[in-house]
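Participant: Below is one structure. I have some questions about it.
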Amino acid sequence: MQSLSFVPKILLCGDEKEFLAQVGNRPFELIGQPKLQDLSAVIKFLQSGAADYLVFVKLKECRTFINEARKKGFLSQNIVTLDEFKSFPREFFYDAESEVLLIRQLKTAAIKTLLDVDAYFSQGKLFTKLDNDLTEIECVSAEPLLPIKENICRRTYRSLDEVGFKRFDAALIVERKPADFDAMFDRLKDTSLTVITFARTNSELERHLATRNFDEHSTLKTSTGAWHFLTRRTPEDFYNYVATHKLTPHEGRLPEGYKIIHAGRASKDDLGYLGDDTGDNISCLNPYLNEVTALYWIWKNTKHTAIGFYQYRRFFTTADDKIFSYDKILTADDALKILEDYEIIVAKIYIGRLQRELIRADCGKTLTNLGETIIKKYIQQAQPDYVDALDYVLNSKSFYRCNMFVTRRNIFDAYCKWLFSFLIDATEEFLRKADLDTTPLKRRRVMGYFAERMLTVWLLNNRLRINELNVMFIEDI
């Protein structure tokens with residue numbers, strides 16, 4: 001929940017001492033006690049937004065005023081009794097009418113998924129989503145919700161960090177001071193392109209939003225202010241990198257947005273492709289880590305908003321068959337379309353022998369056991385929460401193979417930061433301890449085989465919506 005920034009302005013009708021005795025330590029600013037005989041003046045004052053609530057100490061007096069105001073065509077949910085005022089959320093301005101209008105607007109706006117960042121709906125008066133069953137609402141609340149609120153909130157996170165990498169069509173935040181709004185709007189950039197917030201008439205936030213430029217800005221007017229629908233459109237900078245260690249026939253034949261990268265160029269002849277041996281790089285470790293050295297280079301030396309990573313003979317396709325054809329390779333446009341509903345694209349899961357046995361078959365028992373001991377040691381030091389996940393994968397018959405995936409930048413960065421927090425140190429210790437002078441080249445790559453399983457290890461401990469695609473394999477290159 002946000003830090004307290006809303007202090008309601010109160011017009012009080014009734015005995016001030018009784019009000020103060022009952023309201024307790026709730027925040028408020030008492031701005032006056034109106035003369036109810038001048039009904040039109042009171043209504044005009046409320047319509048101006050100068051006061052947030054007209055509070056009556058006595059229920060009977062409140063009903064009388066509402067009836068008289070209704071005769072003049074004025075209806076407001078913010079003419080309330082003291083008991084009602086005490087039940088409103090402390091942290092933000094609450095208006096039941098605005099709440100109903102918003103939840104109906106979600107359907108009109110075709111918003112299918114909404115993150116309620118401040119648990120706005122859970123603190124309101126609604127118990128169901130009314131006629132808006134099309135929108136799946138999840139919320140952030142450090143406090144447990146009433147069970148009935150599950151009718152509105154499908155899932156509850158204890159903090160915004162717990163939401164992880166999940167994306168939503170929109171995120172809802174309550175009214176904030178301008179600086180706090182800007183900070184939250186920026187923080188939500190990887191969570192949702194659209195942010196919805198409420199701003200009271202003549203509030204600081206209303207004035208602030210009028211000065212900011214958004215790619216799209218629409219409003220839903222209410223009697224006390226407006227809901228603002230604010231959308232940013234970040235131009236996509238999307239590249240698919242195809243790692244290779246030899247000349248390929250791909251030049252000029254791959255879809256737009258694909259780039260070949262020479263993995264391990266530091267220790268090999270220059271093939272004329274982009275290499276992984278410039279800038280911040282670990283290209284010299286390629287004989288032991290395979291294409292992962294190219295992955296490191298992309299992480300450290302690019303800023304693309306979305307990234308795909310491929311092996312030189314394998315490509316994703318949305319086709320049902322796996323027969324290779326250049327015109328069936330996953331395009332950047334198709335990948336971005338998939339990433340609207342999923343966080344990551346990976347190869348359809350491989351099911352075969354135990355992963356530990358597969359590595360032993362390629363690298364031998366001695367080197368495999370040494371590599372496993374070392375990599376577990378460094379994961380225990382750098383990422384202890386993933387030790388059990390590593391054991392699970394090594395004792396499993398399935399994994400997401402080939403180091404192939406497509407995802408957005410924030411997820412790419414998070415995975416690479418995790419992977420290289422232990423993999424480089426583990427590989428360097430392996431090279432110090434292993435006798436590789438007479439070891440065949442394939443067996444020297446034992447740490448690369450472990451690295452290939454790490455995407456699956458990482459995905460086990462992260463809440464991502466995963467899309468699995470077929471992989472086409474090119475023979476004879």
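Participant: Of these, V457, V387, V393, which one is of a type outside the set (S, T, Y) and exposed (fewer than 15 other Cβ atoms within 10 Å of the Cβ)? It would help to see each step written out before you state the result.
Facilitator: Details: V457 fails: exposed (fewer than 15 other Cβ atoms within 10 Å of the Cβ); V393 fails: exposed (fewer than 15 other Cβ atoms within 10 Å of the Cβ).
On inspection, the qualifying residue turns out to be V387.
Participant: Here's something else I'd like to know. Which ones in region 236-253 are in a loop (DSSP other than H, G, I, E, B) and closer than 16 Å to F315 by Cβ? Working first, answer last.
Facilitator: Taking region 236-253 and keeping what is in a loop (DSSP other than H, G, I, E, B), we get 236-237, 245-253.
Across region 236-253, the qualifying residues are T248, P249, H250, E251, G252, R253.
Participant: Further, regarding this structure: Regarding region 324-347, can at least one residue be identified that is under 21 Å from R445 (Cα atoms), of a type outside the set (D, E) and surrounded by fewer than 18 Cβ atoms within 10 Å (Cβ to Cβ)?
Facilitator: Start the filter on region 324-347 by keeping residues that are under 21 Å from R445 (Cα atoms), which leaves none.
Within region 324-347, none of the residues are under 21 Å from R445 (Cα atoms), of a type outside the set (D, E) and surrounded by fewer than 18 Cβ atoms within 10 Å (Cβ to Cβ).
Participant: Of the residues L247, L271, L230, which single one is touching a His at 6+ places or on another chain (Cβ under 7 Å) and either modelled with pLDDT under 95 or surrounded by fewer than 17 Cβ atoms within 10 Å (Cβ to Cβ) (or both)? Quick ask: steps written out before the conclusion?
Facilitator: Working: L247 fails: touching a His at 6+ places or on another chain (Cβ under 7 Å); L230 fails: either modelled with pLDDT under 95 or surrounded by fewer than 17 Cβ atoms within 10 Å (Cβ to Cβ) (or both).
Being touching a His at 6+ places or on another chain (Cβ under 7 Å) and either modelled with pLDDT under 95 or surrounded by fewer than 17 Cβ atoms within 10 Å (Cβ to Cβ) (or both) holds for just one of L247, L271, L230, which is L271.
Participant: Please give the helices (runs of 4 or more DSSP H) falling wholly within region 15-97 in which 3 or more residues are surrounded by 14 or more Cβ atoms within 10 Å (Cβ to Cβ), over 44 Å from the mean Cα position of the chain (by Cα) and not assigned by TED's automatic domain parsing to the domain that holds S223.
Facilitator: In region 15-97, 59-71 are the helices (runs of 4 or more DSSP H) which contain 3 or more residues that are surrounded by 14 or more Cβ atoms within 10 Å (Cβ to Cβ), over 44 Å from the mean Cα position of the chain (by Cα) and not assigned by TED's automatic domain parsing to the domain that holds S223.
Participant: Mind listing whichever residues of region 274-286 are among the hydroxyl-bearing types (S, T, Y) and surrounded by 16 or more Cβ atoms within 10 Å (Cβ to Cβ)? Steps first, answer last, please.
Facilitator: The first filter runs over region 274-286 and keeps only residues among the hydroxyl-bearing types (S, T, Y), leaving 278, 283.
Result: S283, single match.
Participant: Can I ask one more? How many residues are within 28 Å of V7 (Cβ to Cβ), out of contact with any helix residue (DSSP H, G or I) (no Cβ under 7 Å at 6 or more places or on another chain), surrounded by 11 or more Cβ atoms within 10 Å (Cβ to Cβ) and not basic (K, R) if we restrict to region 143-178?
Facilitator: The total comes to 5.
Participant: Still on this structure: Of all residues in region 440-454, how many are surrounded by 16 or more Cβ atoms within 10 Å (Cβ to Cβ) and more than 24 Å from L330 (Cα to Cα)? Write out each step before concluding.
Facilitator: Filtering region 440-454 down to residues surrounded by 16 or more Cβ atoms within 10 Å (Cβ to Cβ) leaves 443-454.
Filter again for more than 24 Å from L330 (Cα to Cα), leaving 443-451.
The number of residues fulfilling the criteria is 9.
Participant: As an exercise: evaluate K107 against (1) buried (at least 20 other Cβ atoms within 10 Å of the Cβ); (2) within 25 Å of the chain's Cα centre (by Cα) and give the number of the one condition it does not meet.
Facilitator: The number of the failed condition is (1).
Participant: Here's another thing I want to ask about it. List the number of the failed condition for F6; all other conditions in (1) within 41 Å of the chain's Cα centre (by Cα); (2) free of Cβ contacts under 8 Å to residues at least 60 places away in the same chain; (3) under 26 Å from L101 (Cα atoms) hold.
Facilitator: (2)
Participant: Hey, among the residues in region 215-227 that are in contact with a Lys or Arg (Cβ under 8 Å, 6 or more places away or on another chain) and outside any strand (DSSP E or B), which one's surrounded by the fewest Cβ atoms within 10 Å (Cβ to Cβ)?
Facilitator: D215
Participant: Is at least one residue of region 399-406 touching a residue at least 60 places away in the same chain (Cβ under 8 Å), touching an Asp or Glu at 6+ places or on another chain (Cβ under 7 Å) and among the β-branched types (V, I, T)?
Facilitator: Within region 399-406 (the criterion being touching a residue at least 60 places away in the same chain (Cβ under 8 Å), touching an Asp or Glu at 6+ places or on another chain (Cβ under 7 Å) and among the β-branched types (V, I, T)), the answer is no, since none of the residues qualifies.
Participant: Given the condition part of a helix (DSSP H, G or I) and touching a strand residue (DSSP E or B) at 6+ places or on another chain (Cβ under 8 Å), answer yes or no: does some residue in region 386-408 qualify?
Facilitator: Filtering region 386-408 down to residues part of a helix (DSSP H, G or I) leaves 386-394.
Narrowing further to those that are touching a strand residue (DSSP E or B) at 6+ places or on another chain (Cβ under 8 Å): 393.
Within region 386-408, one or more residues are part of a helix (DSSP H, G or I) and touching a strand residue (DSSP E or B) at 6+ places or on another chain (Cβ under 8 Å).
Participant: Take K442 and decide whether it is at pLDDT below 95 and either among the hydroxyl-bearing types (S, T, Y) or out of contact with any Leu (no Cβ under 8 Å at 6 or more places or on another chain) (or both). Write out each step before concluding.
Facilitator: Values: at pLDDT below 95: yes; either among the hydroxyl-bearing types (S, T, Y) or out of contact with any Leu (no Cβ under 8 Å at 6 or more places or on another chain) (or both): yes.
Yes; evaluated as a whole, the condition is true for this residue.
Participant: Report, by residue number, each residue of region 250-261 that is over 21 Å from E475 (Cα atoms) and either without any contact (Cβ under 8 Å) to a residue 24 or more places away in the chain or crowded, with 18+ Cβ neighbours inside 10 Å (or both). I'd like the intermediate steps shown before the answer.
Facilitator: From region 250-261, those over 21 Å from E475 (Cα atoms) are 256-257; that's our starting set.
The answer is G257, and nothing else.
The values are calculated or read from the model by the stated rules, or taken from the named source; none is laboratory data. A quick note: this is a predicted structure, and the numbers were derived from the prediction, not measured. Neighbour counts are summed over all protein chains in view; Cβ atoms, including those assigned to glycine, are modelled from backbone coordinates with ideal geometry.
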